[in-house]
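Please treat every number below as a calculation from the coordinates, not as lab data. What you see is a predicted model, and the numbers here were worked out from it, not measured in a lab. We place every Cβ from the backbone using ideal geometry, glycine too, and count neighbours over all the protein chains shown.
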Amino acid sequence: MVITAALMVLVVNAVTTFMEVSRVGKRTLAAVIGVWIGVAAATAAAARKAMLSVPMRVLVAPNIVSGLRRAVSHVGGGGRLIGPLPAQRRWGGIITPVVAVPVLWLLKDAGERHSRAISLPGSV
């Protein structure tokens, strides 16, 4: 977080230093950018808190449904319904639901025993 803030200050200073505008214009622009960065940081913190309040099972289960939908579309349409996809998306569409099943199984008891293995960094 400190490194990100330092980089933001550096970029704002670099941009405003070399602009061909008055000193008041530079300060106004720096203030507007600073307020924007502050609002963005506050919004991100609130969104992170809201997302961490959602149970992990609710976030994992739709990945299984997505995999089943993809399989049914592929089989039902003879491979024509999905359309051409890059290889990375095809493999991601296979790997994600396959991995989601054991993760959901680990979460069956509210994930208490396995919370470190399946949670986001810094959320436990």
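Structure values in brief
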| item | result |
| --- | --- |
| Stokes-Einstein translational diffusion, the range 3-57 - Kirkwood Rh over all Cα pairs, 1.567 mPa s, 4 °C, in µm²/s | 99 |
| Sorted peptide list for 41-48, 64-71, 18-25, criterion being average Cβ within 10 angstrom, highest first | 64-71, 41-48, 18-25 |
| Stretchable slack from Ser66 to Val2, in nm (0.36 nm times residue separation minus alpha-carbon distance) | 19.3 nm |
